[in-house]
Amino acid sequence: QVQLVESGGGLVQVGGSLRLSCAASGSDFSARVMGWYRRTPGNQRELLAAITSGMVPTYFNSAKGRFTISRDNAKNTVYLQMERLKPLATGVYYCAAAPPYDPLGVRNEWGQGTQVTVSP
């Protein structure tokens, strides 16, 4: 069981940067794959980036080449550094945690989300 709280969202101009943070509380943080998702217009959640307990990152779709996921297990926190932001990056970003020792995307636990708005 884990509680996730996102922060760091806000309004940014095109080309700007933001760093999202996800603070986790609960058990076995270091054993969980963590990820960042963005809500789509159809109310689906699109996986942007994931990072394993061994610090191996994976990037998907528009996040490739522009976003960096990282984690600090001592602080129970995962980050998403977003660079060169475009208006398409606007949306609600969610932190997600897999159950300990499980892959991401099967039985995720979710944060409440943080809004990112990129002004044109």
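The values are calculated or read from the model by the stated rules, or taken from the named source; none is laboratory data. Everything numeric in this text was worked out from a predicted model, so none of it was measured. Cβ atoms come from the backbone with ideal geometry, glycine included; neighbour counts cover every protein chain shown. When the accessible area is computed, the model is the full protein with side chains, heavy atoms only, and any ligands, DNA or RNA have been set aside. Shrake-Rupley method; radii C 1.70, N 1.55, O 1.52, S 1.80 Å.
Things to note:
- Condition met for Ser62 (in a strand (DSSP E or B), on the phi < 0 side of the Ramachandran plot, out of contact with any Pro (no Cβ under 8 Å at 6 or more places or on another chain) and surrounded by fewer than 21 Cβ atoms within 10 Å (Cβ to Cβ)): no
- Selected residue (criterion: modelled with the lowest pLDDT) from residues of region 86-120 that are aliphatic (A, V, I, L, M) and open to solvent by 30 Å² or more (accessible area, probe 1.4 Å): Leu88
- Evaluation of Ile69 against (1) at positive phi; (2) not in a loop (DSSP other than H, G, I, E, B) (one fails), failing number: (1)
- Which numbered condition Lys75 misses (of (1) in a loop (DSSP other than H, G, I, E, B); (2) open to solvent by less than 60 Å² (accessible area, probe 1.4 Å); (3) under 22 Å from Gln112 (Cβ atoms)): (2)
- Residue in region 41-51 that is without any contact (Cβ under 8 Å) to a residue 24 or more places away in the chain and within 14 Å of the chain's Cα centre (by Cα) present: yes
- Residue list for region 1-53, restricted to those being basic (Lys, Arg) and not in a loop (DSSP other than H, G, I, E, B): Arg19, Arg38, Arg39, Arg45
- Of all residues in region 3-41, exactly one satisfies the criterion of being open to solvent by less than 50 Å² (accessible area, probe 1.4 Å) and at pLDDT below 95, namely Thr40.
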